[in-house]
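Below is one structure, written out as C-alpha cells; comments come after it.
The values are calculated or read from the model by the stated rules, or taken from the named source; none is laboratory data. None of the values given here were measured: they were computed from a predicted structure. With ideal geometry, Cβ positions are generated from the backbone for all residues, glycine too; neighbour counts draw on all protein chains shown.
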Amino acid sequence: MKRPVNKSIKLIGSRRIIFGTDLPLHLPESQLTPVINENIRDKDRENILCKNALSYFPNLKGEN
C-alpha cells in the first residue's frame with residue numbers, strides 16, 4: 001500500500017509539493033514524521049521539506 005507522500009510524488013512529482021503542518025490543528029512532529037520516515041528518495045524529501053518553499057518564497061533564504 002502506498003502512503004500519501006509516495007502517491008503524491010508519483011502523481012504530481014516532488015517539485016510540486018511543499019511541506020505544511022496545518023498549525024494550530026496539528027503538532028509539526030506529527031506531520032513531519034511521515035515525510036522523514038517515508039521510503040522516498042533524499043532528493044524528493046529535500047524538495048518537499050526545503051527547496052520548493054525557497055523557490056516560491058525566496059525571502060526565506062535571508063541575506064547572504
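Scanning region 1-15 for residues that are surrounded by fewer than 12 Cβ atoms within 10 Å (Cβ to Cβ) and in a helix (DSSP H, G or I) yields Pro4, Lys7, Lys10, Leu11, Ile12. Residues that are of a type in the set (D, E, K, R), surrounded by fewer than 13 Cβ atoms within 10 Å (Cβ to Cβ) and at pLDDT 90 or above do occur in region 16-24. In region 25-44, of all residues being touching a residue at least 12 places away in the same chain (Cβ under 8 Å) and within 14 Å of Pro4 (Cβ to Cβ), the one that is surrounded by the fewest Cβ atoms within 10 Å (Cβ to Cβ) corresponds to Asn39. For region 31-64, the set of residues classified as more than 18 Å from Ser8 (Cα to Cα) and assigned to a helix (DSSP H, G or I) consists of Leu54, Ser55, Tyr56, Pro58, Asn59, Leu60, Lys61, listed by residue number.
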